[in-house]
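The values are calculated or read from the model by the stated rules, or taken from the named source; none is laboratory data. Keep in mind the model is a prediction, meaning the values are calculated, not measured. Counting neighbours? That spans all protein chains shown, and the Cβs are built from the backbone with ideal geometry, glycine included. What goes into the accessible areas is simple: the full protein's heavy atoms, side chains included, and nothing from ligands, DNA or RNA. Shrake-Rupley method; radii C 1.70, N 1.55, O 1.52, S 1.80 Å.
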Amino acid sequence: MKLHSVLHGHSDSITCLSVSQEWSIIVSGSLDNTAIIWDLNRCCFIYSLNQLSGKVLCVAISPTTGDIVTVSDKNDARCRLALWSINGKL
């Protein structure tokens, strides 16, 4: 196995990843309170999901619609679940 590309975008550690072959995207979640959508074919940044309430704990991508779910920690023992379109709309 050989390293293909290094993608840069987060300012803190990545906590989770989800890959969708159907939509050719990767979504990464981070301690920097963002999730980033990456183009899997071109290995480049598409969009940053910034309206999160805390560090991102989990991300998932629907194989049928491309919708993205994020779970973020609000630092008060509660989590926020958010549903985004594949275009990054909340």
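See the values below:
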item: Search result, residues across the stretch 61-79 that are among the polar types (S, T, N, Q), open to solvent by less than 50 Å² (accessible area, probe 1.4 Å) and either more than 14 Å from Ser18 (Cβ to Cβ) or not in a loop (DSSP other than H, G, I, E, B) (or both); result: Thr70, Ser72
item: Count of the stretch 81-90 residues which are surrounded by fewer than 15 Cβ atoms within 10 Å (Cβ to Cβ) and not in a loop (DSSP other than H, G, I, E, B); result: 2
